[in-house]
Amino acid sequence: MNAVTNTVWEDIIGQFRVNHPQLVRGWFCDLKPEQLNGGIIRIQAANHAQVRYLEQHCRLALTEAAQASTGRLVSVAFDVDETKADSNGRSPGAPASGQDELSLNPDFTFDNFVTGPCNRLAHAAGVAIAEDPGHAYNPFFVHGCVGLGKTHLLQAICQALQKRTPETRCYYISCETFINHFIEAVECGALHQFRYRYRHVDILVIDDIQFLAERERSQEEFFHTFNTLHQSHRQIILSADCPPSEIPSLEERLTSRFNSGLVALMDRPCLETRMAIVRKKAKLRCITVPEDVVHLIASRIDTNIRDLEGALTRIDALSHAHGGQLTLELAETALGGNSRRIVKIPVILETVADRFNVKVSELQGKKRSKTITYPRHVSMYLARQLTSQSLEEIGNYFGGRDHTTVLHASRAITRLLETDSDANELIQEMTREIRNATH
Ligand code: ADP
Ligand code: MG
């Protein structure tokens, strides 16, 4: 058995960084190579989530780097560093029970979660729950469009909880897994085991619960699971791409239960938050990004955070191909294909004001007569549909109105459009007009 010297280890990691920069994470500096034994270099990580990340994404690349550095046909293996793991050997991210839980992503922690007006409430509630599950907000329901951090927040709660109280039985799964488990249990006559599995946890976290839509029997089963857990003050955390009342054909009794705790929206982030996220992601991935490039990425990509990360990856890859220098010019090139016409809210306001024969200042003002509120709601709806601005940012164009006002206005118009064909035609015409006026 040989110790792996620091020099060899630094060489392995150095090669890995050069060849696979996109896989590098900030916590790599805490990895410990234990020994070289029987041709295997054992590497210790701080927790199961990190071990899983290494297994899934880095095994091959690290093996290649280790072989190149040692000049021997070695391979790598990963373990949890028991001196850092929790007392019962289960560290953050380890499943509470069963085999096929979604694994927790080691990047999805509170430390790596950037807060802003778009997600402050959801984040604060998440932190409170991690400190005192089952009491603060139960159930906790987060909703928002794709790529806005729901999964990140849910997993951050789980990881914080398991770090604080490792004995907590935390079960994190996707709604699809819940449904599949249920179907399997029915087919194999194993409902008893299924119920035991779901009803004997301290915290049940189900991601993308909107998939319960149209699933009558799964809804029925989930209703009983929910009641059992809730009655004994065990924490339930759910996420979806829309609020409970908008999940298609969700039973009323489930909607009302989901609404009985805290329902928090995760909105699109504003520019400052996007910039903070780019900085955070860059740090996590050990990429040095100049401020002008941070600003460029954040102002150009305003759809969702997943796209923001994609842009950072593209820029990083291009900079490696150009010798590692990350300049504004290079970033412009990397994002080049992404330039698109961006609809601006003032154009929407002018178009609507023109059409309804009102003043832009009236749309932005406080007057509540019907002749003004309808066009104002239409403007908010169009701003929501045609721009990527957050509810908060849209509200700012309307005299600093609250984000819920924008949300309600835009929902009211969505509902109207379902039944009113004249209104539909009008909105379509205005949409064309706005797009044509956008260069
Ligand atoms: P969703 O589940 O809402 O579709 P995810 O949680 O998968 O979105 O987030 C998509 C990506 O954006 C992830 O890589 C996540 O880390 C990142 N992300 C989202 N919100 C934040 C945030 N507030 N701070 C840092 N990263 C974020
Ligand atoms: Mg998700």
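The values are calculated or read from the model by the stated rules, or taken from the named source; none is laboratory data. Predicted model, so just to flag it, every value in this text is computed and none were measured. Neighbour counts run over all protein chains shown; Cβ positions are idealised from the backbone, glycine included. With ligands, DNA and RNA removed, areas are computed over all heavy atoms of the protein, side chains included. Shrake-Rupley method; radii C 1.70, N 1.55, O 1.52, S 1.80 Å.
Listing for the model above:
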{"item": "Of the criteria (1) away from ligand 2 (no atom under 16 Å from the Cβ); (2) within 13 Å of the chain's Cα centre (by Cα), which one Ala122 fails", "result": "(1)"}
{"item": "All positions within segment 136-187 that are within 13 Å of ligand 2 (Cβ to nearest atom) and not in a helix (DSSP H, G or I)", "result": "Val142, His143, Gly144, Cys145, Val146, Gly147, Leu148, Gly149, Tyr172, Ile173, Ser174"}
{"item": "Contacts under 6 angstrom Cβ, first residue in segment 147-158 being modelled with pLDDT of 95 or more, partner near ligand 2 (Cβ under 9 Å from one of its atoms), 6 or more apart", "result": "Lys150/Ser239; Thr151/Asp207; Leu154/Asp207; Leu154/Ser239"}
{"item": "Segment 239-276: number of residues that are within 12 Å of ligand 1 (Cβ to nearest atom), touching a Phe, Trp or Tyr at 6+ places or on another chain (Cβ under 9 Å) and of a type outside the set (Ser, Thr, Tyr)", "result": "1"}
{"item": "Residue in segment 212-231 that is under 23 Å from the mean Cα position of the chain (by Cα) and within 16 Å of ligand 1 (Cβ to nearest atom) present", "result": "no"}
{"item": "Near pairs, Cβ below 6 angstrom, 6+ apart or cross-chain, from segment 276-305 (at pLDDT 90 or above and part of a helix (DSSP H, G or I)) to any residue that is within 16 Å of ligand 2 (Cβ to nearest atom) and among the aromatic types (Phe, Trp, Tyr)", "result": "none"}
{"item": "Filtered residues of segment 29-41 (kept if at negative phi and either modelled with pLDDT of 90 or more or open to solvent by less than 80 Å² (accessible area, probe 1.4 Å) (or both))", "result": "Leu31, Pro33, Glu34, Gln35, Leu36, Asn37, Ile40, Ile41"}
{"item": "Which numbered condition Gln162 fails, given (1) closer than 30 Å to Leu391 by Cβ; (2) of a type in the set (S, T, N, Q); (3) modelled with pLDDT under 95", "result": "(1)"}
{"item": "Test: residue in segment 52-66 that is under 21 Å from Gln162 (Cα atoms), acidic (Asp, Glu) and open to solvent by 80 Å² or more (accessible area, probe 1.4 Å)", "result": "no"}
{"item": "Candidate set: segment 101-154, residues that are more than 9 Å from ligand 1 (Cβ to nearest atom) and among the aromatic types (Phe, Trp, Tyr); chosen: the one most open to solvent (accessible area, probe 1.4 Å)", "result": "Tyr137"}
{"item": "Arg314 open to solvent by 70 Å² or more (accessible area, probe 1.4 Å), within 16 Å of ligand 2 (Cβ to nearest atom) and closer than 30 Å to Thr151 by Cα", "result": "no"}
{"item": "Selection status of Lys163, basic (Lys, Arg), in the same structural domain as Leu212 (by TED's automatic domain parsing) and under 27 Å from Asp302 (Cβ atoms)", "result": "no"}
